[in-house]
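Taking it in order: structure first as structure tokens, then the write-up.
Just so it is clear, none of the values below were taken in a lab; they were calculated from the coordinates. Source: prediction; values computed, not measured. So basically every Cβ, Gly included, is an ideal-geometry build from the backbone, and we count neighbours across all protein chains shown.
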Amino acid sequence: MIKGSKHTKETRKRMSKSRLGKPHTTGKNMAGLKIGKWTILKRVSKIGEKEIIWRCRCVCGRIKNVSGCSIRKGDSNGCLSCMKTIHGYKAKKQEYAMYNGAKYRAKYRGIEFSIKLQDIKIPEFCPLLGLPLYPAKKGFQPNSPTLDRRDCSKGYVKGNVWVISFRANRIKSDASLKELEMIVKNLKKAK
């Protein structure tokens, strides 16, 4: 044990690994590596600074400074315009956000994710409630389009995803089909 340190050598070794199990690369020279669409050119931050910044070139030729942490975690795999073009399809901002959100949730929950950006089609109206769909300026509104899994026991697979309103998604997420049928039956009785 190092004087003044409460951690053993083994503990420090374990702590130096990132959450994805990759070695921590703060002191490692990553120049010349290809990660995602980036080719790392050189380190631009000085030793001793809080965050390490790398100058990177994307496959499209754009050069950008990228945080070493983003590269290690896989949060940055290429420039924004290149990352919006997935599978040869130029996505709209809303579709791209839905795709990335679903990909993150699938990874977090450990469920299957095999959809492509082309599988996300935003209709003009919500297929369940008939509300017109339009993106909110901040957060979610009842008419905001959201990506939903038709069958929650399956993952984000082709044929199991559709875009519905945020309101319909909230109603659907909190109730079973039996409960919804019971509500409709009792509402008809009450009239």
Give a residue-ordered list of calculated ³J(HN,Hα) values for the range 110-125 (Karplus: 6.51 cos²θ - 1.76 cosθ + 1.60, θ = phi - 60°; whole Hz; x for Gly, Pro). x, 10, 5, 9, 9, 6, 10, 4, 5, 6, 9, 10, 8, x, 6, 10
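Kindly rank 136-144, 158-166 from highest to lowest mean number of other beta carbons found within 10 Å of each residue.
On the way: 136-144: 11.8, 158-166: 18.0.
Ranked by mean Cβ neighbours within 10 Å, highest first: 158-166, 136-144.
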Once fully extended, how much extra length lies between ARG170 and ALA190, figured as 0.36 nm per residue of separation less the alpha-carbon to alpha-carbon distance? 4.8 nm
Listed peptides 108-120, 67-79, 176-188 by packing density, highest first (mean Cβ within 10 Å): 67-79, 108-120, 176-188
Two pseudo-spin positions, 7 Å from Cα along C-beta at VAL157 and at LYS116, lie apart in nanometres by 1.8 nm
Reachable aspartates and glutamates, given that their alpha-carbon falls under 20 Å from the alpha-carbon of LYS64 and they are not under 8 places away in the same chain: GLU49, GLU51, ASP75
Pair PHE125, GLU51: separation of 7 Å Cα→Cβ label points (nm): 4.6 nm
